[in-house]
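For reference, the structure discussed in these notes is given below.
Nothing in this text is a laboratory measurement; each read-out follows from the coordinates by a stated rule. Being a predicted model, the structure only gives us computed values, none of them experimental. Don't worry about glycine lacking a Cβ; one is built from the backbone with ideal geometry, like all the others, and counts go over all protein chains shown.
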């Protein structure tokens with residue numbers, strides 16, 4: 001009887017709750033990241049510089065941000081393949097508006113509004129029109145990429161005002177602004193996921209949609225909000241990405257979804273919904289950026305980098321399936337991605 | 001349990017002339033009975049006797065074709081599980097309605113979360129208070145779950161039942177319907193659920209139990225309602241009957 005009411009003072013209980021989520025779920029991955037960093041450093045000393053580590057953190061910043069959003073989608077027993085295309089459409093439009101003289105602040109606001117609206121529409125397709133998430137977001141992926149190409153086929157946009165590029169290139173006490181934003185955003189995401197009613201409802205729906213509905217969770221509304229949030233977050237990631245490279249084009253963010261989904265899976269979030277971890281997702285995104293960076297330093301060709309990335313995703317899913325004791329290859333990806341909502 | 005009770009004045013729930021047909025088949029045929037305050041009423045009968053259809057109607061899962069239900073003399077509308085909940089009727093389905101991936105307090109409070117304000121402004125879940133109240137709820141029934149913050153999928157069948165019942169207790173239910181609560185439990189676990197049911201009765205909560213296990217029924221029930229072919233044959237005091245008599249009723253439809 002070590003859990004009598006008196007023994008569990010509220011504050012202690014709250015800390016216990018945090019501890020379990022943060023410590024245990026990320027421990028193995030943290031060790032893997034450190035081990036890989038050591039190995040890469042031994043192979044190539046150039047990897048081990050402070051400048052390079054900051055570079056890795058900066059490169060991973062927008063992946064961290066978008067992967068945090070994807071953690072909500074996947075935990076909700078869904079998937080969003082359209083993030084790369086949302087990012088492209090939102091950035092080419094926002095970029096052009098600002099270049100044409102719109103106030104940068106307003107231009108950024110338009111980007112967020114557009115991202116949120118697109119997400120709302122995707123969410124509407126999934127939870128009200130009941131198109132399976134895999135198909136709905138695949139359609140959106142193709143259609144939005146098309147729109148981005150229609151808008152600025154072949155055009156390369158560049159030359160943002162410094163008030164915008166600061167979000168990608170500025171530093172505060174020597175730390176790059178994107179890294180700070182990603183860090184704060186991950187903290188916010190973890191809070192939203194674990195400590196709000198919205199986060200609980202997302203996890204409940206992913207765990208057992210019918211039970212959540214019976215318990216009074218507004219299942220369809222929450223699901224729509226998850227995709228809307230994903231759109232908003234993608235706009236944030238896009239803003240930081242174009243601010244950093246000071247350019248965008250209709251093909252930006254191609255195959256980004258695979259990178260982001262991989263980060264979430266590697267982080268330990270269940271593909272089958274219900275269980276997720278923001279901390280793990282951040283580590284997953286860091287791990288991928290570190291590997292990409294090591295491949296670049298080792299002089300591996302970009303096309304081969306794609307091959308490696310794809311292989312990592314497949315291995316991560318296979319390991320995740322073993323972890324969840326789903327050994328059949330037929331159960332490789334969850335049915336919930338391919339099923340309409342009820 | 002042989003306390004004799006006044007029949008009508010003590011009724012918490014009264015079911016009047018309930019009918020439900022599927023196609024041409026009358027699954028429930030003008031069933032009328034009372035449930036007393038704080039009694040355990042066992043509902044027995046062969047497969048297809050209409051037990052499940054009857055409790056589904058009371059739980060708001062399947063509205064009846066005719067008839068109505070009164071709570072403390074007032075007719076209540078029971079078209080959805082929400083209606084039943086509002087009327088103080090809770091139902092423990094065989095699937096229990098738990099989210100396997102959530103922990104115990106999260107399951108108990110899902111849909112009725114307790115919240116505090118982060119930095120005095122932003123609403124957020126009050127994990128500490130939900131955990132505390134869960135412990136208190138469980139404690140009231142002398143139940144101890146070792147790891148409240150584990151996903152409930154790691155709990156045993158009996159422990160999961162407790163979590164589901166805690167959910168109902170939080171809603172301040174006055175009547176709990178249990179459909180084969182001991183069906184998939186081991187001996188020890190089954191005994192715990194029996195204790196839990198007795199505990200609910202002591203607190204004045206009425207319980208309707210569907211069970212095939214007559215041993216449990218005789219250990220637990222104050223009265224036994226026997227159904228056959230959609231009709232309610234009889235409601236008998238457990239103390240005033242025998243297992244043989246009940247079996248005879250179930251099989252041959254002879255009123256005792």
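Largest GNM mean-square fluctuation across A:146, A:154, A:237, computed for chain A with C-alpha springs under 10 Å, falls on A:154.
Between residue A:183 and residue A:143, the modelled labels are 4.0 nm apart [label points 7 Å from Cα along Cα→Cβ]. Computed from the alpha carbon positions, the gyration tensor of region B:100-171 leads to an equivalent ellipsoid with semi-axes of 23, 13, 10 Å, biggest first. The value obtained for region A:206-317, namely the Cα convex hull volume divided by the number of residues, is 123 Å³ per residue. A Cα-only calculation for the protein assembly as shown places Rg and Dmax at 29.3, 93 Å.
Per residue of peptide B:98-111, the mean number of Cβ atoms on other chains within 10 Å of the residue Cβ is 6. Here chain A is treated as a sphere whose radius is the Kirkwood value from Cα pairs; by Stokes-Einstein at 4 °C and 1.567 mPa s it diffuses with a coefficient of 62 µm²/s.
Quick one: if the Förster radius is 60 Å, what FRET efficiency do residue A:191 and residue B:252 give, using the C-beta to C-beta distance and rounding to 0.05? With a Förster radius of 60 Å, E is 0.40.
Taking the DSSP beta bridges with both ends in the protein assembly as shown, the antiparallel portion is around 65 percent. At a Förster radius of 56 Å, what calculated FRET efficiency corresponds to the Cβ-Cβ distance of residue A:302 and residue B:237, to the nearest 0.05? Once the sixth-power term is evaluated, E becomes 0.10. Estimated from helices alone, the mean residue ellipticity of chain A at 222 nm is -23500 deg cm²/dmol (sum of -39500 (n - 2.57) over DSSP H runs with n ≥ 4, per residue). Remark: B:143, A:31 ranked as A:31, B:143, counting other beta-carbon atoms within 10 Å and listing the fewest first. Which shape class, rounded, prolate or oblate, goes with region B:97-141 when its Cα gyration tensor gives a ≥ b ≥ c as root eigenvalues, a/c under 1.5 marks rounded, and past that a/b bigger than b/c marks prolate? Cα axes put region B:97-141 in the oblate bin.
Here region B:52-171 is described by how far its Cα atoms reach on the three principal axes: 51, 38, 25 Å, from widest to narrowest. Each residue in A:288, A:138 was given a count of other beta-carbon atoms within 10 angstrom of its own, and listing them fewest first yields A:138, A:288.
Counting Cβ atoms of other protein chains within 10 Å of each Cβ in A:213-226 and taking the mean gives 2. The value of relative contact order for chain A, using C-alpha pairs under 8 Å at least six residues apart, is 32 percent. Calculated FRET efficiency, residue B:156 and residue A:27, Cβ-Cβ r, R0 25 Å, to nearest 0.05? Computed FRET efficiency for residue B:156 and residue A:27: 0.35.
In this simple spin-label approximation, residue A:314 and residue B:117 carry label points 7 Å from Cα along the Cα→Cβ vector, and these lie 5.5 nm apart.
Eigen-decomposition of the gyration tensor built on the alpha-carbon atoms of region B:162-218 gives equivalent ellipsoid semi-axes of 19, 12, 10 angstrom, largest listed first. Dividing the mean sequence gap of close Cα pairs (under 8 Å, 6+ apart) by how many residues chain B holds gives a relative contact order of 27 percent. The distance between label points at residue A:221 and residue B:229 comes to 5.0 nm (points 7 Å beyond Cα on the Cα→Cβ vector).
Between the C-alpha center of region A:172-208 and that of region A:70-147 there is a gap of 19 Å.
Once C-alpha pairs closer than 8 Å and six or more residues apart are averaged by separation and normalised to the residue number of region B:100-171, the relative contact order reads 44 percent. Can you tell me what percent of all Cα-Cα pairs in region B:124-245 are more than 20 Å apart? The share of Cα pairs beyond 20 Å in region B:124-245 comes to 49 percent. With Rg and the Kirkwood Rh both taken from Cα atoms, where does Rg over Rh land for region B:36-113? Rg divided by Rh gives 1.01. Peptide B:120-131 is shielded by partner chain Cβ atoms: per residue, an average of 5 of them sit within 10 Å of its Cβ.
When restricted to Cα atoms, chain B yields an Rg and a Dmax of 19.1, 68 Å, respectively.
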